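Chemist: Take this structure first; my questions come after.
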Amino acid sequence: MDEKKVMLSGIQPSGDLHLGNYLGAIKNWAARAEEFDCYYFMADMHTITVRQTPADLRRRTLEQLAQYIACGLDPEKNTLFIQSHVPQHAELGWVLNCYTMFGELSRMTQFKDKSAKHKDNINGGLFTYPALMAADILLYQPDFVPVGEDQKQHVELTRNIVQRFNGIYDDVFKMPEPYIPKAGARVMGLTAPDSKMSKSIPEGCVFLMEKPEDIQRKFKRAITDSDTEHPVRYDPANKPGVANLMNIYSAITGKSFQEIETEFAGQGYGKFKPAVGEAVIETLRPIREEASRILADKAYLESVYKAGAEKASYVANKTLRKVYKKVGFVPR
Ligand code: TRP
């Protein structure tokens, strides 16, 4: 019997992965599979709450899957699937819509933000997004849901739905906990080290699939400071740009800040920045090559997401049947 605790998370295929995603999160996921039974899916049904170009959505969904596998997420040890391939998400999503209150949905900050940003397309799906997300989670009865700060409110709402539903029908759903991963490296933007590395500021963001010369150019242009006395010194309050580069270098090489200071003692940023760039390039090179190889092997990629959907669907269906019975639907 499998005694492992279950973990589940969804990822929107809305953009390319970057160094911050990798060092901050994905790098640690490979090890996680030993401890937990992990489900990861591409949340394509959530992505269409904002208008997409169909060909781009299709391409990005597959690219992202290939990149995750290349980062070390082993499809033999993790269940990797595409949300729209498992119809139980839409089915339970509808049921949970009927157990989620208008007032609750109105209070979601993501809805407020996104409806302010897309005034011409404030659709019903954008509003009921959290009920679908609750369904994504509850179908698999996970113990933990790893999410970033911005998604915690949705997990809290899921917990309210569990309490409401279980209160009416006895214990149908397991109560999930948000899981805040043990600190990975917090990577800041190379041009604005006061905010997280983000694809919305592409000059300060290093993408996993980026060409080495482009990566090196971004590191050479990284913001540092005008300290010429003790340039490579870890002082996040006064030298945030340098601290960020040291952080990246440390995450990649395993060296301590002290060791890095010693390594670059007496040298300026002209030596330090390209050295960090070079270390990043060598770390990303095998990932980029592997992702390209996987993406070109359509048959392999298809076998991964088909097997993933089959396994996910089997688990999801058990929960859905239970729910349908509880709410009073006639069994098929
Ligand atoms: N809403 C999440 C995001 O935008 C993606 C997501 C969809 C998700 N369903 C989920 C995350 C279920 C965790 C669990 O990042």
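The values are calculated or read from the model by the stated rules, or taken from the named source; none is laboratory data. These numbers were taken from a predicted model, which means no experiment stands behind them. Note that each Cβ is placed from the backbone with ideal geometry, even for glycine, and that neighbours are counted across all protein chains shown. For accessibility, only protein heavy atoms count, side chains too; no ligands or nucleic acids. Shrake-Rupley method; radii C 1.70, N 1.55, O 1.52, S 1.80 Å.
Chemist: Which is the longest stretch in the chain that no exposed loop site breaks, taking sites as GluC sites (Glu not before Pro) with a DSSP loop state and at most 11 other Cβ atoms within 10 Å?
Modeler: For GluC sites (Glu not before Pro) (loop position, at most 11 other Cβ atoms within 10 Å), the longest site-free span of the chain is 77-228.
Chemist: Probe 1.4 Å, all protein chains in place: accessible area of Thr100 in Å², nearest 10?
Modeler: The accessible area of Thr100 comes to roughly 10 Å².
Chemist: Can you tell me the dipole magnitude for the range 217-332 around its Cα centre, using point charges on the Cβ only (Lys, Arg +1; Asp, Glu -1), in Debye to the nearest 20?
Modeler: Roughly 1280 debye, rounded to the nearest 20.
Chemist: Would you mind checking the range 101-143 for residues with the amide N under 16 Å from a putative spin-label position 7 Å along Cα→C-beta of Ser200?
Modeler: Residues passing the 16 Å test: 109-119.
Chemist: I would also like to ask the following. When the chain is modelled as a GNM with alpha-carbon springs shorter than 10 Å, which of Gly72, Gly277, Gly103 fluctuates the most?
Modeler: Answer for the Gaussian network model of the chain: Gly103.
Chemist: Continuing with this model, one more query. Can you give the FRET efficiency for Lys298 and His118, using 1/(1 + (r/R0)^6), R0 = 35 Å, r = Cβ-Cβ distance, to the nearest 0.05?
Modeler: That pair, Lys298 with His118, gives E of 0.60.
Chemist: Considering only the other residues whose Cβ falls under 15 Å of the Cβ of Leu208, what net charge follows from Lys and Arg at +1 and Asp and Glu at -1?
Modeler: Summing Lys and Arg as +1 and Asp and Glu as -1 gives +1.
Chemist: Would you mind checking the range 20-57 for residues with the amide N under 16 Å from a putative spin-label position 7 Å along Cα→C-beta of Lys77?
Modeler: Answer for the range 20-57: 26-40.
Chemist: Probe radius 1.4 Å, ligands and nucleic acids ignored: give me the carbon and sulfur share of the accessible area of the chain as a rounded percent.
Modeler: 54 percent
Chemist: Using only the alpha-carbon atoms of the range 1-146 as identical scatterers, what base-10 log of I(q)/I(0) does the Debye formula give at q = 0.08, 0.10, 0.18 Å⁻¹?
Modeler: Results for the range 1-146 at q = 0.08, 0.10, 0.18 Å⁻¹ read -0.24, -0.38, -1.18.
Chemist: Distance from the Cα centre of the range 31-83 to that of the range 150-212, in angstrom?
Modeler: Taking the Cα centre of the range 150-212 as reference, the centre of the range 31-83 is 15 Å away.
Chemist: Another question, then. Considering only protein heavy atoms, with the full assembly of protein chains and a 1.4 angstrom probe, order Val315, Val145 by accessible area, largest first.
Modeler: Putting Val315, Val145 in descending order of accessible area: Val315, Val145.
Chemist: I've got another one for you. Any idea how far apart Ala237 and Lys174 come out in nm if each label point goes 7 Å out from Cα toward Cβ?
Modeler: Here the modelled spin labels are 4.5 nm apart.
Chemist: Still on this structure: Subtract the Cα-Cα distance of Leu57 and Arg285 from 0.36 nm times their separation in residues, and report this length gain in nm to one decimal.
Modeler: Residue separation times 0.36 nm, minus the Cα-Cα distance, leaves 79.6 nm.
Chemist: What length, rounded to one decimal in nm, is gained on full extension from Glu35 through to Lys220, with 0.36 nm per residue of separation minus their alpha-carbon distance?
Modeler: Length gained between Glu35 and Lys220: 62.7 nm.
Chemist: Determine how large the accessible area of His89 is when every protein chain is in place; take a 1.4 Å probe and give Å² rounded to the nearest 10.
Modeler: Accessible area of His89: about 0 Å².
Chemist: Assuming 0.36 nm per residue, please report the length gained on full extension of the stretch Glu261 to His230 beyond their Cα-Cα distance.
Modeler: Using 0.36 nm per residue and subtracting the Cα-Cα distance, I get 10.2 nm.
Chemist: With the calculation restricted to Cα positions, what are the radius of gyration and Dmax of the chain in angstrom?
Modeler: 22.0, 77
Chemist: Cut-off 10 angstrom, C-alpha nodes, Gaussian network model of the chain. Which of Leu138, Leu65, Leu301 fluctuates the most?
Modeler: Leu301
Chemist: Report the one residue of Phe264, Val232, Ala222 whose Cα lies farthest in the direction of the positive end of the charge dipole of the range 202-292 (charges on C-beta: Lys and Arg +1, Asp and Glu -1; origin at the Cα centre).
Modeler: Positive-most Cα among the choices belongs to Ala222.
Chemist: Per residue of the chain, what 222 nm ellipticity follows from adding -39500 (n - 2.57) for every DSSP H run with n ≥ 4, rounded to the nearest 500?
Modeler: Dividing the helical sum by the residues of the chain leaves -17000 deg cm²/dmol.
Chemist: Then there is this: Taking a quarter of the surface of the convex hull around the Cα atoms of the range 202-292, what do you get in nm²?
Modeler: Computed as one quarter of the Cα hull surface, the answer is 5.8 nm².
Chemist: Once you list every other residue whose beta carbon is under 15 Å from the beta carbon of Asp235, what net charge do they have if Lys and Arg are +1 and Asp and Glu are -1?
Modeler: -3
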